[in-house]
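Worksheet: one structure, shown below.
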Amino acid sequence: MEARYILPYTDFGFKHLFGSEPNKDLLISFLNALLQGEQVITDLTYLNNEHLGATQWERKAIFDVYCKNDKGEYFIVEMQNAYQKFFKDISLFYSTFPIREQAKQGDWDFELKAVYTVGLLNFVFDEDKDTKDYYHHEVKLMDVKRKKVFYDKLTLIYLELPKFNKAEDELVTMMDKWMYVLKNVSRLLDRPVSLRDRIFTRFFEVADIKKFTPEDMLQYEASLKAYRDNTNTIQTAEDKGVKKGMELGLKKGIEKGLKKGRKEGLEKGKAEGQKAKAVEIARNMKQKGMDTKTIADITGLTAKEIKNL
């Protein structure tokens, strides 16, 4: 059945919903729900989402959504569909750009505005895969011994969408509603009764594919194809990795015992599967004309490995 509403996991879909001036009320509502009263955002200003490094040798960063609130605080909002080996490193690296941009020449006392990096994740962190209800991670710099926040102007928030499994009749807070709609909107045919808030009226209007211009439709279809290609590539690589791991596990089991061999085989298969996944994604991105630095940043492969594909 043809979808009625946009898939937010696509690059075009996410930016269409949250990355444009006409729709900033959606982003304001989402961020206010996410911050849960820590502050109330009344307005946002979109900023240039492409940032060059301080020198010609540094990598550039391209954000999905980059904005500043009415208090001058910075927000990076990203949709991340696949796990990357150095995802946490990349996330922290991105956070340094709005910090460095605040530097002033001349007489400056180094006071900084807060920076928030928000990641909507279409995957689950390995270390938390067994905690099914723990999907909202909020990270700040902490004094380890005192177990208290040491510095509160850098906040990293990650939302693991696959873990959010509340049904429509279980939605209580605005954050519940946002998580539900972001995870399920592309599968809905009509707006649920529990999402009758005014902001969700706006959301479903913006998400309605029938209201796209011909140009929007072309961009969305291209973005949807890229998303599906990458998803299929990842799944294929994971399946191959698991199969190879099981085969190796059986072999090790003959030599050292089935239990130990299977464990080792699966672990090696997982690593090889992740490597194969990265290679397939890189090859796909290279065929689409993406530059080597961007491919390396996303996949974790070296420039030499990418060149040899």
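The values are calculated or read from the model by the stated rules, or taken from the named source; none is laboratory data. These numbers were taken from a predicted model, which means no experiment stands behind them. Here Cβ is always computed from backbone atoms with ideal geometry, including for glycine, and neighbour counts include all displayed protein chains.
Identify, from the list Arg198, Arg262, Arg191, the residue that is surrounded by fewer than 13 Cβ atoms within 10 Å (Cβ to Cβ) and either within 30 Å of Arg4 (Cα to Cα) or at pLDDT below 95 (or both).
The unique qualifying residue is Arg198.
Looking at the range 1-48, which of its residues are assigned to a helix (DSSP H, G or I), under 20 Å from the mean Cα position of the chain (by Cα) and either not aliphatic (A, V, I, L, M) or not assigned by TED's automatic domain parsing to the domain that holds Tyr158 (or both)?
Correct list: Asp11, Phe12, Gly13, Phe14, Lys15, His16, Phe18, Asn23, Lys24, Ser29, Phe30, Asn32.
Please enumerate the residues belonging to the range 68-100 that are in contact (Cβ under 8 Å) with a residue 12 or more places away in the chain and among the acidic types (Asp, Glu).
Once the filter is applied, which keeps residues that are in contact (Cβ under 8 Å) with a residue 12 or more places away in the chain and among the acidic types (Asp, Glu), the range 68-100 yields Asp70, Glu73, Glu78.
Of the residues that sit in the range 68-100 and are in contact with a Leu (Cβ under 9 Å, 6 or more places away or on another chain) and part of a loop (DSSP other than H, G, I, E, B), which one is farthest from Ile295 (Cα to Cα)?
Asp70
How many residues, within the range 101-126, are out of contact with any Leu (no Cβ under 6 Å at 6 or more places or on another chain), touching a residue at least 12 places away in the same chain (Cβ under 8 Å) and of a type in the set (S, T, N, Q)?
Number satisfying all stated conditions: 0.
Of the residues Leu141, Leu159, only one is assigned to a strand (DSSP E or B) and within 30 Å of Ala271 (Cβ to Cβ); which?
Selected residue: Leu159, the only one of Leu141, Leu159 that is assigned to a strand (DSSP E or B) and within 30 Å of Ala271 (Cβ to Cβ).
In the range 126-135, is there at least one residue being within 29 Å of Lys288 (Cβ to Cβ), at pLDDT below 95 and assigned by TED's automatic domain parsing to the domain that holds Lys85?
The answer is yes; a qualifying residue exists.
Could you list all residues from the range 130-145 that are of a type in the set (Val, Ile, Thr) and over 30 Å from Glu170 (Cα atoms)?
Across the range 130-145, the qualifying residue is only Val144.
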